Amino acid sequence: MNIETFIKDWIAVGNSYNTEKYLEFYNENTVLDDPSVGRKFIGHSGIKNYFVSYFIGYKTQTELRKLEVKENSAYLEVEFKGEFPEGIIGGSFDFTFKNGKISSVKAELI
């Protein structure tokens, strides 16, 4: 698995708002922890709720700013642009991967 390519594809699919294709990047039981919204989103149904609410709902576009890749994990810093009060805000994701998909991720605004 080429994690750098995976992350770039994940961002591109997220920016296209293709929910079904976006969910294909995640294992069925992935936990997405986002303290900035005070919730954990579990499995495809939870992650779909997160994606629809915070990405599609705010017309968020994500741009890669920094990527640090390790064997089965990655740290990503991004810039979000969208229809939310700040207009532009930074964010980060800490990913772990299993079986070629995201197995857990912690997302935060920075």
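For the stretch 82-91, name all the residues that are at pLDDT 95 or above and either surrounded by fewer than 16 Cβ atoms within 10 Å (Cβ to Cβ) or hydrophobic (A, V, I, L, M, F, W, C) (or both).
If we filter the stretch 82-91 for residues that are at pLDDT 95 or above, which is where we start, we get 82-83, 88-91.
83, 88, 89, 90, listed by residue number.
Regarding the stretch 87-103, can at least one residue be identified that is charged (D, E, K, R), closer than 18 Å to residue 11 by Cβ and assigned to a strand (DSSP E or B)? Yes, that holds for at least one residue.
Would you be able to tell me the number of residues in the stretch 71-110 that are of a type in the set (S, T, N, Q) and under 11 Å from the mean Cα position of the chain (by Cα)? Don't jump to the end; show me each part of the working.
Step one: list which residues in the stretch 71-110 are of a type in the set (S, T, N, Q), which gives 72-73, 92, 96, 99, 103-104.
Remaining after also requiring under 11 Å from the mean Cα position of the chain (by Cα): 92, 104.
Looking only at that region, the number is 2.
Just checking, how many residues over the stretch 56-86 are part of a loop (DSSP other than H, G, I, E, B), within 23 Å of residue 19 (Cα to Cα) and in contact with a strand residue (DSSP E or B) (Cβ under 7 Å, 6 or more places away or on another chain)? Give the derivation first.
Filtering the stretch 56-86 down to residues part of a loop (DSSP other than H, G, I, E, B) leaves 57-60, 70-72, 82-86.
If we keep only those that are within 23 Å of residue 19 (Cα to Cα) as well, we get 57-60, 82-84.
Restricting the remaining residues to those that are in contact with a strand residue (DSSP E or B) (Cβ under 7 Å, 6 or more places away or on another chain) gives 60, 82.
Qualifying residue count for the region: 2.
The values are calculated or read from the model by the stated rules, or taken from the named source; none is laboratory data. This structure is a prediction, so every number in the text was calculated from the model and none was measured. Glycine also receives a Cβ, built like all others from the backbone with ideal geometry; neighbour counts cover every protein chain displayed.
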